[in-house]
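**Student:** For reference, the structure I am asking about is given below.
The values are calculated or read from the model by the stated rules, or taken from the named source; none is laboratory data. Because the structure is a prediction, the values reported are computed rather than measured. Here the Cβ positions follow ideal geometry from the backbone for every residue, glycine too, while neighbour counts run over all protein chains shown.
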């Protein structure tokens, strides 16, 4: 751009000195080129719009997919995400494509911050702007899984993130539902599932004496430490599920204390993404052997 400006100045001086008309024409062309190159990108970038759809679940520190739809004047642009972060990608507008983003911490992502940049149509000056993009469905970002030691026990109480055992919980709990097999007791039919699927379904119950794992997470601390605590809780859940032990997770959410069973890492990750500061839920008074893990 500076070179074209210098050339235009040279044409101006030469045309006034020599009176050559063709130099005046060249001067006008160079001036117009500079004007278009300087103003065009800013006009184009202001008309760019972005919409996005993202995967509903992610894990902190791992890439996840986001589909972007970029619209605006027909031109070539570059786009990247700032929150969560992604690399620059090129696109010819209008366009639809996917990119990989990485969330640096757990939580719920309801909107993205994108940066678009272009030098169209001449390529002399780059213009850029940030665009906030609302997601139709928030992304639940689970914490990184922290390695933990694990043992289901009914030993005497301990402190910190060590396990404590005590008798809680009695009652009938449905572990799973399966198809009816010849010889199954009619008392074990799960009537809601039978009606929904239009075929006999049998409920399988947990033994009242089977060990249970309860993970209670307290996030009343600094954000970095909260992410680490959530990762420790996630590690305990992973160990419990891998061992085939029923797991309950007690946390606090914006709506208040929240507790309930988690049957998969995906479900636990969503719960931990929603977890926030506040008083975690308390263990219900049921009669069964339970291992309680307090984090911290």
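**Student:** Among the listed residues 107, 97, identify the single one that is on the phi > 0 side of the Ramachandran plot and modelled with pLDDT of 90 or more.
**Tutor:** Values: 97 fails: on the phi > 0 side of the Ramachandran plot.
Being on the phi > 0 side of the Ramachandran plot and modelled with pLDDT of 90 or more holds for just one of 107, 97, which is 107.
**Student:** Give the number of residues within region 231-244 that are buried (at least 20 other Cβ atoms within 10 Å of the Cβ), out of contact with any helix residue (DSSP H, G or I) (no Cβ under 8 Å at 6 or more places or on another chain) and without any contact (Cβ under 8 Å) to a residue 60 or more places away in the chain.
**Tutor:** 0
**Student:** Quick one: which residue in 77, 39, 45 is touching a helix residue (DSSP H, G or I) at 6+ places or on another chain (Cβ under 8 Å) and modelled with pLDDT of 60 or more?
**Tutor:** Working: 39 fails: touching a helix residue (DSSP H, G or I) at 6+ places or on another chain (Cβ under 8 Å); 45 fails: touching a helix residue (DSSP H, G or I) at 6+ places or on another chain (Cβ under 8 Å).
That would be 77, the only listed residue that is touching a helix residue (DSSP H, G or I) at 6+ places or on another chain (Cβ under 8 Å) and modelled with pLDDT of 60 or more.
**Student:** Let me ask something additional. Given the structure, is residue 228 in contact (Cβ under 8 Å) with a residue 24 or more places away in the chain, more than 19 Å from the chain's Cα centre (by Cα) and under 17 Å from residue 293 (Cα atoms)? Talk me through it step by step, then tell me what you get.
**Tutor:** Values: in contact (Cβ under 8 Å) with a residue 24 or more places away in the chain: yes; more than 19 Å from the chain's Cα centre (by Cα): no; under 17 Å from residue 293 (Cα atoms): yes.
Here the answer is no, as residue 228 does not meet what is asked.
**Student:** Determine, yes or no, whether residue 233 is under 19 Å from the mean Cα position of the chain (by Cα) and at pLDDT 90 or above. So that I can check it myself, show each step before the final result.
**Tutor:** Numbers: under 19 Å from the mean Cα position of the chain (by Cα): yes; at pLDDT 90 or above: yes.
Answer is yes for this residue.
**Student:** Go through region 89-137 and give me each residue that's surrounded by 16 or more Cβ atoms within 10 Å (Cβ to Cβ), within 20 Å of residue 60 (Cβ to Cβ) and free of Cβ contacts under 8 Å to residues at least 60 places away in the same chain.
**Tutor:** 99, 101, 102, 103, 109 - these are the residues of region 89-137 that are surrounded by 16 or more Cβ atoms within 10 Å (Cβ to Cβ), within 20 Å of residue 60 (Cβ to Cβ) and free of Cβ contacts under 8 Å to residues at least 60 places away in the same chain.
**Student:** Related question: Out of (1) more than 23 Å from residue 104 (Cβ to Cβ); (2) out of contact with any strand residue (DSSP E or B) (no Cβ under 6 Å at 6 or more places or on another chain); (3) modelled with pLDDT of 90 or more, what's the single condition that is false for residue 214?
**Tutor:** The single condition residue 214 does not satisfy is (2).
**Student:** Also, quick follow-up: Counting just the residues of region 245-264 that are within 25 Å of residue 177 (Cβ to Cβ) and in contact with a helix residue (DSSP H, G or I) (Cβ under 6 Å, 6 or more places away or on another chain), which one comes out surrounded by the fewest Cβ atoms within 10 Å (Cβ to Cβ)? Show your work before the answer.
**Tutor:** Taking region 245-264 and keeping what is within 25 Å of residue 177 (Cβ to Cβ), we get 245-249, 258-264.
Checking which are in contact with a helix residue (DSSP H, G or I) (Cβ under 6 Å, 6 or more places away or on another chain) leaves us with 247, 249, 262.
Details: 247: 23, 249: 27, 262: 21.
Step by step, filter region 245-264, then rank; the result is 262.
**Student:** Name the residue that is nearest to residue 110 (Cα to Cα), counting only residues in region 276-296 that are free of Cβ contacts under 8 Å to residues at least 60 places away in the same chain and touching a helix residue (DSSP H, G or I) at 6+ places or on another chain (Cβ under 9 Å).
**Tutor:** So the residue we want is 276.
**Student:** Sort out which residues of region 268-292 are modelled with pLDDT of 85 or more and surrounded by 17 or more Cβ atoms within 10 Å (Cβ to Cβ), and write them in order of number. Spell out the reasoning first.
**Tutor:** First, the residues of region 268-292 that are modelled with pLDDT of 85 or more: 268-282.
Within region 268-292, 268, 269, 270, 271, 272, 273, 274, 275, 278, 280, 281 meet the criteria.
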